[in-house]
1. Aspartates and glutamates near Lys281 by alpha-carbon distance under 20 Å, same-chain residues fewer than 8 away left out - which ones?
2. Excluding same-chain residues fewer than 8 positions from Lys122, which lysines have a Cα within less than 24 Å of its Cα?
3. Starting from the Cα of Ile314, step 7 Å along the direction of its Cβ; do the same at Lys234; then give the gap between the two resulting points in nm.
4. Using R₀ = 30 Å, calculate the FRET efficiency as 1/(1 + (r/R₀)^6) where r is the Cβ-Cβ separation of Val27 and Asp90; round to 0.05.
5. Mind telling me which of Glu33, Glu237, Glu295 comes out most flexible in a GNM of the chain, alpha-carbon contacts under 10 Å?
6. How far apart, in nanometres, would the label points at Ser170 and Ala247 be if each is projected 7 angstrom from Cα along the Cα-to-Cβ direction?
Amino acid sequence: MLDYIEITKHLQDKNKPFLGHLQPEAVYSSGMEKYFIYGCRKMQIEYSPVMQTLKLKGSPLYFSQGHNFTYSKEAYIQSIQFVESLIKLDLFDADLDTFESGAIMEVETKPKFIISGHQAGKGLLMRENPKDKGGIRYFSDSSLQLKLYDAGRNIMHKQGLTMKGIIQQSGWNPDGEYLKFEAHYKKPHQLFNDGRAIRLADIFSPSWEAILKEDLYQQYQRLNTMKSIEIPNKKNELSSGSIILIALAEIILNKGMDLKKMLYDRINSIPEGVLSAEDKKARKKHIKTMIEKIEEARSSQYDISELLASALGIDEEN
């Protein structure tokens, strides 16, 4: 569930890191020194002798296992403990500056289709990159960024052949469809602790785990999901014309418009020389019959609330 973190360790005079096992990267005019720690992926350490601080940035999951498709609290903690053993400092009393929390769900349809049915709710701004081809949407405010994305596509495009095999052994099915919802908390101390510092150790306690799971679910509820049309389960009810009408009906439904009126107005706008009054009457009758077969779905096919609650192991109604 947890992924990327940034933490700050405030040092005492006699409490200095051992940096001999790290890869030096840069020294800045401020005196800050940057280092990398290499595992499956690298993590970054920024040490400031002047400010007496040490910052750790990166994903313990990617560092230890090379991917974030699966999550184990024990493995996550062990990754941090390994860094501790290298620099000879306790990190669990460090301040938690920012972190990511998320959940992966296996879905029955293409993730980009589900993603397309989500819009920013009140207080959020939405953005997407055309290069992602509908595979990711971002929603943000001043304190966090939410991300809904195709986790399977992420593996296919960003992982090598060997790592794909490792992830497959962890449960990933290359033929499956996986969607991830993720929150990047920029100011967790303000959101969760009334502005007081949160220690890294805190978020591994059962009480904090419950808080973070519930908040992730509630953050998803801030997104607006499109209403959807019930899809017939019989092949003979899904002609090309029916599919076009269903797609149009869904668009019109979410815009709060009247589909029948819109189509009738369009028919009425056609010149008499093209369609006579009787022709128009016949077209309207046919359209009325088709529209009467269309029903709004009781629950939106875009809404993943139930799947997310299941993935987080929480009661959706509480």
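1. Asp258, Asp265, Glu272, Glu292
2. Of all the lysines, those that pass the test against Lys122 - Cα under 24 Å, at least 8 places apart if same chain - are Lys112, Lys147, Lys180, Lys186, Lys187, Lys213, Lys227, Lys255.
3. About 4.2 nm, to one decimal.
4. 0.75
5. Glu237
6. So the label points at Ser170 and Ala247 sit 3.6 nm apart.
Each reported figure results from applying straightforward, stated rules to the coordinates on display, with no laboratory input. What you see is a predicted model, and the numbers here were worked out from it, not measured in a lab. Because the Cβ atoms are built from the backbone with ideal geometry, glycine has one as well, and the counts that use them run over all protein chains shown.
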